[in-house]
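Right, one structure below, let's go through it.
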Amino acid sequence: MASVNRSYRLLNNKFIFDSVASRVAAYQKLHPNKKIIPLGIGDTALPLVPTITDAIHSAADEMADKERFKGYSPIQGYDFLRRSILEHDFHARGMELDIDDIFISEGIQSDITNILEIFSPESVVGVMDPSYPCYLEATVMSGRAGEQRGGLWSDVVYLKSSVENNFLPQIPSEVVDVIYLCSPNNPTGVIFDRCELERWVSYAKCNNSIILFDVAYGEFITDPLAPRSIYEIKGAKEVAIEFRTYSKMAGFTGIRCGYTVIPKELAINHTTENGSTEKASLNKLWLRRLCSKHGGVSFISQRAAEAIYSPKGREEIERNMAFYLKNAERLFIAFKRLGFEVYGGVNSPFIWIKMRDGLTSWDLFDRLLSDCQITGTPGHCFGPSGVGYLRISSFAKALDVEEAIQRLKAWKIDK
Ligand code: PLP
């Protein structure tokens, strides 16, 4: 008899952001003539830059040519893209990696959640709190979260990031086997500096833990001293897997392309049938998994990603990222003027607003929607430590940001 995976039954029926979307839809239904400005979503707003669309067109032409047509792509991705990644994202920044450490993905959401499959079911998972909700949901789906008690999962270690610790989690006092970290963090916008990352790498080494390092917004970092990759830290190749995506930096949310780095140095202890201990290579395990569960990434997407590394492509996407960061700065100032405590927005496209006067995240969400017709994302969507905050995204069109700022200026918040 077929029955449902129990771990899936533990999940809430609705994905966390759906409740926000239903609330906005309900408001719009009641007020069909009001123009809502969406500052809640993390999807990009600007179109693809010309160098990328040119690359897509010529890749499509290649696919239409009987001599140059491509079928399935190589399982780890085309060498032309992996070589560009190696050269620009790592070698040019002083990091040594090997081409076979790089796995091209169709964006990192699937890799960063599926990666849990290669760890033992007993592994204790730690998640930054607040953070991208998929880490926690994947942990629940994988059967490692335990039971939900008082809004918390019993077997998950919440790496609490609050205003008291500058939104950076403390090193845990217990052993955590697999650790999700994100820098710049979604939603707080905070980045890990070198010293913090060194502490995590050293913790992982001492405890035989693996860090899953999400750098989805890494290219938005403007601070010249901040690490853009965990591999800038000595020893990280032995303890960290890194996930990078073109989604936010180059508007690839619809194209789909990113990559996962699993250095060959990364090996964990594994007990064999006869009870002896061996080192298992995570790089080999992941490759083995992909052979059975992955059909490669579209040639056209990979050619599009390659174009990002050309001087012209880079210049064009830098302009777009600067535009989003400017939006973030303006929105930061607008909320600050209203008397809120505001964080993030400097090395990241998100700003993180603390509620005042005992308002809950939903209270501010509702007030912002009903008074200004602006949407944000309530902080609790990102974990229990997000309660009492609201995330505002700067991925918005110029006219929308301009109008949002005018509405915020006119907002009589204390009325
Ligand atoms: N990681 C973080 C922190 C994100 O915010 C997102 C998307 O919003 C992703 C990963 C997923 O990225 P991708 O589009 O590459 O799947």
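The values are calculated or read from the model by the stated rules, or taken from the named source; none is laboratory data. Please read all numbers here as calculations on a predicted model, not as lab measurements. Here the Cβ is made from the backbone with ideal geometry for all residues, glycine too, and neighbour counts use every protein chain on show. Keep in mind that these areas ignore ligands, DNA and RNA; they rest on the heavy atoms of the full protein, side chains included. Shrake-Rupley method; radii C 1.70, N 1.55, O 1.52, S 1.80 Å.
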If you check Thr53 against the conditions, is it open to solvent by less than 60 Å² (accessible area, probe 1.4 Å), among the hydroxyl-bearing types (Ser, Thr, Tyr) and within 16 Å of the ligand (Cβ to nearest atom)? no
Cβ-Cβ distance below 9 Å, separation of 6 or more or different chains: which pairs start in region 76-90 with a residue that is under 13 Å from Phe103 (Cα atoms) and end on one that is of a type in the set (A, V, I, L, M) and open to solvent by 30 Å² or more (accessible area, probe 1.4 Å)? Gln76/Ile99; Gln76/Leu287; Asp79/Ile99; Arg82/Ile99; Arg83/Ile99; Ile85/Ile99; Leu86/Ile99
Take the residues in region 116-144 that are closer than 18 Å to Leu266 by Cα and out of contact with any strand residue (DSSP E or B) (no Cβ under 6 Å at 6 or more places or on another chain), then tell me which one is farthest from the ligand (Cβ to nearest atom). Ser120
For region 248-307, which strands (runs of 3 or more DSSP E) that fit wholly inside it have 3 or more residues that are more than 16 Å from the ligand (Cβ to nearest atom) and surrounded by fewer than 15 Cβ atoms within 10 Å (Cβ to Cβ)? 267-271, 277-281
Out of the residues in region 214-247 that are within 14 Å of Leu181 (Cα to Cα) and assigned to a strand (DSSP E or B), state the one that is nearest to the ligand (Cβ to nearest atom). Asp214
